[in-house]
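Take a look at the structure below.
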There are 4 protein chains.
Amino acid sequence: MFQKLVYPTGVWYIVLMMTDAIKKKVAARLRRIEGQIAGVRRMIDEDRYCVDVLTQTSAVVAALRGVEDLVMQNHLNTCVADAIRSNDQAEQNEKISEVMSVIGKFRKHG
Amino acid sequence: MFQKLVYPTGVWYIVLMMTDAIKKKVAARLRRIEGQIAGVRRMIDEDRYCVDVLTQTSAVVAALRGVEDLVMQNHLNTCVADAIRSNDQAEQNEKISEVMSVIGKFRKHG
Amino acid sequence: MFQKLVYPTGVWYIVLMMTDAIKKKVAARLRRIEGQIAGVRRMIDEDRYCVDVLTQTSAVVAALRGVEDLVMQNHLNTCVADAIRSNDQAEQNEKISEVMSVIGKFRKHG
Amino acid sequence: MFQKLVYPTGVWYIVLMMTDAIKKKVAARLRRIEGQIAGVRRMIDEDRYCVDVLTQTSAVVAALRGVEDLVMQNHLNTCVADAIRSNDQAEQNEKISEVMSVIGKFRKHG
């Protein structure tokens with residue numbers, strides 16, 4: 001996604017929200033997570049020990065958290081940074097509230 | 001998985017670790033979660049807004065937590081309950097330590 | 001707290017819910033946590049760096065989690081174990097539902 | 001704490017890290033949390049039911065999370081925003097890495 005932003009100096013910037021490198025990295029991790037979940041499904045099918053199943057689901061959650069960290073870090077470095085640089089206080093407040101709400105979601109399903 | 005256990009009364013019980021009903025339920029949920037993750041992958045591909053991506057990954061984590069709760073509740077009702085009923089204190093301690101360690105894993109990737 | 005329980009064998013047991021040793025350990029940890037929070041209050045007062053404050057609050061949460069683990073492990077070993085040994089299925093279900101609800105609370109404020 | 005920052009325009013700003021209003025709010029909440037923990041200590045002393053103790057410790061963790069959110073939001077609005085506005089990429093990277101590391105701590109003790 002592209003987004004235009006006016007900087008205090010009056011120069012227009014074109015900001016790419018997620019570089020192709022990060023997108024590839026995130027997509028590859030998500031594909032691996034799909035495989036992990038298919039693996040958990042097989043464990044259930046094979047009546048594997050509950051604690052081993054839960055150890056595996058914990059690993060999946062950890063992998064998802066890793067993806068979330070990549071996306072969040074990218075978000076702070078692009079959208080949030082742009083909102084702050086725009087010197088539009090309402091825009092900055094909105095972006096930071098959004099980040100706080102995402103942190104709240106991380107916790108709610110902690 | 002089947003597991004034989006001696007009860008204090010000396011009677012042998014056959015305990016099914018996870019009923020077919022629970023296994024089906026868990027497998028269906030896991031299949032849906034795989035679909036959700038494929039959906040997140042598409043969102044990345046389509047350059048969707050980071051916060052929307054993170055809202056969706058939070059929903060996936062919540063769904064995984066739901067699966068973990070089903071598996072944990074089943075584990076308490078079967079393996080842990082059997083260990084306690086066996087009146088073998090070492091066995092009970094081991095099972096409860098295992099449960100505490102799983103709770104620790106839930107937290108670590110909270 | 002004392003609780004009387006009938007075992008399948010018909011023998012009455014007296015079960016102490018939390019031994020004095022565990023109670024002392026938990027109380028000592030809680031007193032230390034109070035001190036840690038007073039320390040965070042001083043950090044705020046002295047305008048300490050936000051990230052250092054958050055590192056300290058994380059340590060407090062970790063300490064509280066340690067207390068919760070002690071209490072939970074004790075609960076599994078006493079109340080839950082007694083409910084299971086009582087062979088009263090309704091009682092067992094209730095206790096295990098309670099444990100699942102506590103795990104849910106751990107997560108909600110994860 | 002005061003912190004001087006050069007903006008791209010070359011103007012010097014004086015930035016107060018946490019306003020007195022926020023500091024008072026945070027301090028008041030922390031004092032209340034100390035009271036809550038003293039309350040948990042009394043519950044232990046009075047042999048209250050483990051599940052009630054754990055419900056109360058969960059409330060304490062939730063209250064601590066509320067304090068963390070206040071501090072984090074303030075941190076994003078001051079230090080992180082200033083680092084971004086400074087147009088010093090190394091400074092921005094460092095601040096955002098710090099925020100990610102704090103989010104990691106939130107999760108680790110989730």
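Step by step: first the residues of segment A:49-64, then only those that are within 7 Å of chain B (Cβ to nearest Cβ) and without any contact (Cβ under 8 Å) to a residue 12 or more places away in the chain, then the one that is surrounded by the fewest Cβ atoms within 10 Å (Cβ to Cβ). Which residue is that?
Kept after step one, since they are within 7 Å of chain B (Cβ to nearest Cβ), are these residues of segment A:49-64: A:50-51, A:53-55, A:57-58, A:60-62, A:64.
Next cut, without any contact (Cβ under 8 Å) to a residue 12 or more places away in the chain only: A:50-51, A:54-55, A:58, A:61-62.
Values: A:Cys50: 27, A:Val51: 19, A:Leu54: 23, A:Thr55: 15, A:Ser58: 19, A:Val61: 24, A:Ala62: 13.
Filtering first and then ranking leaves A:Ala62.
How about segment B:35-85: which of its residues are farther than 22 Å from B:Gly104 by Cα, in contact with a Leu (Cβ under 8 Å, 6 or more places away or on another chain) and β-branched (Val, Ile, Thr)? Once the filter is applied, which keeps residues that are farther than 22 Å from B:Gly104 by Cα, in contact with a Leu (Cβ under 8 Å, 6 or more places away or on another chain) and β-branched (Val, Ile, Thr), segment B:35-85 yields B:Ile37, B:Val40, B:Ile44.
Looking at segment B:65-81, can you tell me whether even one residue there is under 12 Å from the mean Cα position of the chain (by Cα), modelled with pLDDT of 95 or more and within 14 Å of chain D (Cβ to nearest Cβ)? Checked segment B:65-81: at least one residue is under 12 Å from the mean Cα position of the chain (by Cα), modelled with pLDDT of 95 or more and within 14 Å of chain D (Cβ to nearest Cβ).
Considering C:Ser86, C:Ser101, the condition of being more than 14 Å from chain A (Cβ to nearest Cβ) and free of Cβ contacts under 8 Å to residues at least 12 places away in the same chain is satisfied by C:Ser101 alone.
Go through segment A:27-48 and give me each residue that's touching a residue at least 24 places away in the same chain (Cβ under 8 Å) and at the interface with chain B (Cβ under 7 Å from one of its Cβ atoms). Scanning segment A:27-48 gives A:Leu30, A:Ile33.
The values are calculated or read from the model by the stated rules, or taken from the named source; none is laboratory data. Keep in mind it's a predicted model, so treat the numbers as computed, not measured. Reconstructed Cβ throughout: ideal geometry from the backbone, glycine too, with neighbour counts over all protein chains shown.
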